[in-house]
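Some notes on the structure that comes next.
Bear in mind that the values in this text are calculations on the coordinates, not laboratory data. Bear in mind that the values here come from a model prediction, so they are computed numbers and not experimental data. With ideal geometry, Cβ positions are generated from the backbone for all residues, glycine too; neighbour counts draw on all protein chains shown.
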Amino acid sequence: MANKQVSKYKVAVILPVSDSMPHLPAMIDSLYGSTDFPFKVIIVESESTDGTAEYVDNLCNDKDNIEVFHTKKEGLTKAINMGIHKSGDMDVYITQDDVIHFRLYKRDWLAEMYSEAQKEHIGLITPLNGGGVSGSDYIKGFQWVGTWACYISKKAIKRVGVFDTNMSPGDDIDYTFRVMLSGLNAVVIDYWIQHHRLTEHGDSDAEDKKKKMGEYFRNKYNIGGKNE
C-alpha cells in the first residue's frame, strides 16, 4: 500500500474576496513578501463585478500554492467557513482583502504563529491590533480576535467547529468566546504584522445591527442583560 502523501503546506491562508481590486493586488504582494513559511492560499470569491474573479483565477497560473473557489455572495462568515472546510488538516490563518502584511524585526510571523499553535492549549493567535475588546453589547472587557488576522489551530477547529453564520457583526467575538469556553487559549503575539485598512462600506444600520447581534449573543450563552 502506498504511503499517504503529506502536504508540504502547514497553514491555509483563507482569503474571502468580492469586488476587491482596489486593494487585493497589494495585499497578495505583501503576504508573499512577509513570510517564508510554507502556506497555501484558499481564496473564496463571491460574485465580483470589478475583475476580481478573473484576477484570482490568473493568480493560479502564477503561483502553485493558490486554490480558488467561486461561490454566491452570502456573507463573510459563509465564505470563511467554506475556506475552513477546504483547508483539510491544516491550521488556518484568516485575513481580508485590504490587509497589508509586514516583515518586521527579521521575524517570520507565520512561522512563529505555527510554532506557538503546536503548544497544548493554544486555540487562537493574533498579533497586536489583530482584534479588540468588546463593549457592553456583548461582554464588556472581553478580548476577541478579528477575522483580518486570525490564526486558528486545527485542534480548535476540531473542538469548536466553524463560525456562526447567524452573527454579523460579532462573528469574531462569538468565535473567540467559543474557543475560550472549549478550554483553549487565545494568544496575542507582541508585535504588529499587519495593517488593516478598514475598507468596508459604510452601513447606516451598523449600531442597530450591533445591538441586535449583542442580544443574540447574550441569549445564546444565557448571559442576561448588557454588561454596563
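Before moving on, here are some points about what is shown:
- Summed over the range 79-99, residues that are surrounded by fewer than 16 Cβ atoms within 10 Å (Cβ to Cβ) and not in a loop (DSSP other than H, G, I, E, B) total 1.
- Where strands (runs of 3 or more DSSP E) fall wholly inside the range 115-167, the ranges with 2 or more residues that are under 21 Å from G214 (Cβ atoms) are 131-133, 143-145.
- Any chance H70 is over 24 Å from F37 (Cβ atoms) and outside any loop (DSSP other than H, G, I, E, B): yes
- Residue satisfying all of: in the range 9-46; charged (D, E, K, R) and closer than 20 Å to L198 by Cβ; surrounded by the most Cβ atoms within 10 Å (Cβ to Cβ) among these: D19
- Conditions (1) under 17 Å from V13 (Cβ atoms); (2) out of contact with any strand residue (DSSP E or B) (no Cβ under 6 Å at 6 or more places or on another chain); (3) among the β-branched types (V, I, T); number of the one not met by V99: (2)
- Subset of the range 45-95 (residues that are aromatic (F, W, Y) and more than 24 Å from R159 (Cα to Cα)): Y55, F69
- Hey, I42 part of a helix (DSSP H, G or I), closer than 24 Å to A156 by Cα, within 18 Å of the chain's Cα centre (by Cα) and β-branched (V, I, T) or not: no
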